[in-house]
Structure formats: C-alpha cells, structure tokens
Amino acid sequence: MKLRSAIAIILASAVTATITILTGCATQPPPAPAAPPPPSPTMLNVRFAATATLLRNGQVLITGGVAHEGGSSATAELYDPATGGFALTGGLLTGRARHTATLLQNGKVLIAGGIGKAGKPVRPAELYDPASGRFLATGNMLEARYDHTATLLANGKVLIAGGGTTTLGVTNIDTAELYDPASGTFSQTGTVTRYYDPTSDEVFYKGDQTGTVTSYHDTTSDEFFYKGEMNAAHAMHTATLLPNGDVLIAGGMDADGKPQALVELYNPVTGKFTPTGSMNLARREHRATLLQNGQVLITGGLDAQERVLAIAELYDPATGKFALTTEAFPQTGTTMTDVRYEKTASILPNGQVLIAGGEDVDGVLATAELYDPAHGSFTCIGGRSGGPLSLCKPSMIDFRIYAVAVPLADGQVLIAGGYNTRISKARNPIARTRGMVAFTVLNSAEIYNPASGAFTSTTTVVNARYGLNRVIVKCCGSTEYDQAACRRGLSFGCVVFSSRF
C-alpha cells in the first residue's frame, strides 16, 4: 500500500507539473515542424546515356544511364524547378542505359529497352507513376533492343523502332512494335487486311502456320510489306512525330553498322513504313528537332567516313524532301558553328533551337549555339572564339557529351549528366577509364536561360536559395536568440521560426 501510494503521488506531481508548463506557454503557437533539408544542388548519381522526361507537374524524371562503376544504373531522381535541386525517387526494376522514356497520355512514363547490368539488352518494360513515385512492371517487348527510338502517337500508343539486339557485334534490326497503355502489352505494328499470293497472283486473307499474318500485298503500289518491319535497319537514328501524325525515321546505322541517309515514314493508320527520300548526308548520332513551322531540323552526327558533321538540313513534310540550310536560305543560311555529335537539341519558346555540348574532332565540348528558323542560321552563344575554325567560346558550365536536356515549363532548358574526357577540369573526379582514355562521368547540371542567353549551374541556383541559413527563435518572453540559443531554448518550450534567404 505504501509503495502504491508513493507511485500515485509521483504521477500526480508529474501531471501537475506538465499542466503548469503548458499553462505557462498557453498563449504561444505549437512548435513549427522542422524545415525540410535543402535539395541536392547536383544529381545524386553520376550518369550518362540516361533519359530525362518532363512530367505534367513540371518536374523532370531522370532515369538509369551508365554509372561510375561502369554498369547500368537502376537509380532515378527528380529535378524540381521550384527548388532548383534534385531528390531521389523510386528505383528502376531493371538497371538500364541507352533506353527510352516516353510520357504517356495518362501522365505515367514508359521505360523501354536499353542495356542492362549484365551488359545485354533487356525486354522487360516498366512504368513510372508520379503519384506514388514508384516503378511498376508492364509488358515485355517483342524483342530486346537498345539505341532504338520511342515515339508517342496521337492515338496514345508508343512506336518502338529499330535498335540493336545484342552488344556482341553489329545486330541492328529493322523491326518495330507498338506499346498499348490500355492493355500494357506490345504487339507488331499495322492492321493487315489483304494479302497477295505470288504463285496464284491472287489477293486473299492468309496466315502462316501459327495463324499469325506476317505480310501483305499493297495493290496500289504493287509491293509487299511486312507487319512490324521497316525498309531498313536503323540504330542510333531519330524518330520525329510530324503534325499529320506520321513518324519520320531518319538515318542511323544500317544492318552492317554503317551510317545511312535513308529516311522513311510510319503511318499509324496502316502500320506501314514507306521510304521518303534521303538526307543529303548519311549520319548517325545526330539530332532531329520538330520546328514550329512543321519542318524537321537535322543537325550534326557522324557520316559514313566517321567524320563529325557541322552540316544541317531541313525536311519539309509538304514536299517530302531535304534541303541543306545553306540551300533553303541562300542569303542567310549557314552550317553549324562547330562539328558535333551526341549533343543535345532543344526547342525554345521563341522557335529557336538550342544545340549544346557533344563532341568534335578535338574532344568533348562546352560550347553551344542557336538555330534561327527565320534565317536558317546558327550563331554562337557567348560569341566566337577567334580560332582558325571560328569555333564558339565555351559558354556552358561543363564539358559534356551523352547528356540529357529538357525544356522546362518556364522556357528554360535543363541539361544534366553526360561525361567529359577533358580531365584537366579539376572540378570533376575521374570516375573510370575507357581503354586508354580517361573520362569523367558527371552528376552536374545547368540551366540555360533564353532571356539572358547564359548557362547557370544548378549548384549556384540552390546555393543562392538555401546557402544562408538563419533561425529566429521566439520564446515565451519574445526574445530572439541565435541558433545555439535556439537549441537551449527548445527545452523551455519556446517556439521556433525558421527563415532561409
């Protein structure tokens, strides 16, 4: 009884003391929650040959790529323009590089193909759900492939075209397939209705031994074409959705691994690929950008002799022909200011195209240029270097190739990752080597502002917003303390207000 009484007295005293403390600060608001940590000023993982996708909420999803350990990464992160920094999101189910990422009409992102951690192309595809921040499995592609293209069609399906099927030798393919978000499955392209038997010269319905129809005869052109097949193999090519809904497949490596000039159109209604002329030059690792006037700008790349190109050309859907920018604009048209391949090309709100980074004959570039569609001309950002070839002055924050670039909702452009062979730049640690050439895998990022015409490091942006921290503490006596006093004051029931500027 005495022990129980003593416990009761102690409990009663504790309750009384708590009530007294609470009453003493009853007029004060409850303690504010701790402020979230500042976002990372750089990507949290180094990567090149990754993907970047602008989500509907304005954030940018960055997935996979080659990591510093030399393998394909399964990490993913988000860039938030509101904070200017990066934060991790859910990881990929399959690590991959040289894959594709396509924003679907439902707001999810289709991740398809690529080279997996085992160094082999992967078939499994997955979906990123921005609502949950997770990656979810979806159907498998009909063929494992990398260095392919993925294009969102007007009907909501995704056209997957070309690529390579193994990393052992040249295995570039001429096949294509469609992803249907409604069923989460992949299938061959096209709707086949009539078939031609060359032995009897008759048109009729026909299937192979498995009951799957594979080819048919076009009575208009008197030619055969096959379900899910292009007219040639393409890898490291480009695919551009045209205003009329067709897809322009341009160049890339052929079945022998050589750059080609062949161009073909995919018609989503018939599922047929049709040749549509040729580019003026064979090229791979180039870029194709849909302009606001409906034409397609083709820039840079490597030609059949492995020469780096500065020659640009325009595809006109109205004529189905290509013209060099110098020919299309005989008075004002120019070539690019520098030869470059594997650079980024981004359309700006004013209709101009930002060409940034890549590599020329001397190495990785930190230069950028603008294409003006009104005059067919290219101009250096930051001015000319004054060198013998009149190259641009370096204007980017980092030298980078195989980077990702995304036009943001506010008209600026985010450029992130890639690698740099100019290892004299001490700000980048050497991550690994490729043969005898050391190179640096980057986690840095920068923003191009069309209004100022300048690049700014995301590190500078984050430091400007979060670099200075001061915490103001108001206790019951409304006294301001420094941060150390704040910690002491918390034990006395004071209220903390955090201010960052």
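Tally the residues that are part of a loop (DSSP other than H, G, I, E, B) and either in contact with a strand residue (DSSP E or B) (Cβ under 7 Å, 6 or more places away or on another chain) or more than 15 Å from SER132 (Cα to Cα) (or both), restricting the search to region 50-100.
Looking only at that region, the number is 28.
On the basis of being β-branched (Val, Ile, Thr), closer than 19 Å to GLU369 by Cβ and free of Cβ contacts under 8 Å to residues at least 40 places away in the same chain, does ILE311 make the cut?
In short, yes.
Those residues that are closer than 19 Å to THR138 by Cβ and open to solvent by less than 20 Å² (accessible area, probe 1.4 Å), I need them from region 73-98; list them, please.
If the condition is that a residue be closer than 19 Å to THR138 by Cβ and open to solvent by less than 20 Å² (accessible area, probe 1.4 Å), then ALA76, LEU92, GLY95, ARG96 are the ones that fit.
Name every residue in region 237-265 that is farther than 18 Å from ALA323 by Cβ and part of a strand (DSSP E or B), in order of residue number.
Listed by number, the residues that qualify are ALA239, LEU241, VAL247, ILE249, MET253, PRO259, GLN260, GLU264.
For region 266-346, which fully contained strands (runs of 3 or more DSSP E) count at least 1 residues that are within 15 Å of ASP360 (Cβ to Cβ) and polar (S, T, N, Q)?
296-299
Yes or no, residue by residue, for (1) in a strand (DSSP E or B); (2) within 25 Å of GLU285 (Cβ to Cβ); (3) open to solvent by 50 Å² or more (accessible area, probe 1.4 Å):
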position: ALA154; (1), (2), (3): no, no, yes
position: ILE160; (1), (2), (3): yes, yes, no
position: VAL170; (1), (2), (3): no, yes, yes
position: ALA176; (1), (2), (3): yes, yes, no
position: TYR179; (1), (2), (3): yes, yes, no
position: SER183; (1), (2), (3): no, no, yes
position: PHE186; (1), (2), (3): yes, no, no
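Looking at the structure I just gave you, is THR238 among the hydroxyl-bearing types (Ser, Thr, Tyr), within 30 Å of LEU297 (Cβ to Cβ) and at pLDDT 50 or above?
Here the answer is yes, as THR238 does meet what is asked.
If you take the residues of region 31-63 that are among the small types (Gly, Ala, Ser) and either more than 12 Å from the chain's Cα centre (by Cα) or farther than 16 Å from SER73 by Cβ (or both), which of them is modelled with the highest pLDDT?
GLY58
Of the residues that sit in region 373-400 and are crowded, with 19+ Cβ neighbours inside 10 Å and of a type in the set (D, E, K, R), which one is farthest from PHE439 (Cα to Cα)?
The residue in question is ASP398.
Given the residues LEU127, LEU110, which is the only one that is within 17 Å of the chain's Cα centre (by Cα), within 17 Å of GLY156 (Cβ to Cβ) and surrounded by fewer than 22 Cβ atoms within 10 Å (Cβ to Cβ)?
Exactly one residue qualifies, and that residue is LEU127.
Is it fair to say ARG287 is of a type in the set (D, E, K, R) and open to solvent by 40 Å² or more (accessible area, probe 1.4 Å)?
Here the answer is yes, as ARG287 does meet what is asked.
Taking the conditions exactly as written (over 22 Å from LEU290 (Cβ atoms), surrounded by fewer than 18 Cβ atoms within 10 Å (Cβ to Cβ) and of a type in the set (A, V, I, L, M, F, W, C)), does VAL361 satisfy them or not?
Yes, satisfied.
The values are calculated or read from the model by the stated rules, or taken from the named source; none is laboratory data. Bear in mind the structure is a predicted one, so any value in this text is a computation, not a measurement. Counting neighbours? That spans all protein chains shown, and the Cβs are built from the backbone with ideal geometry, glycine included. We work out accessible area using only protein heavy atoms, side chains counted, and drop any ligands, DNA or RNA first. Shrake-Rupley method; radii C 1.70, N 1.55, O 1.52, S 1.80 Å.
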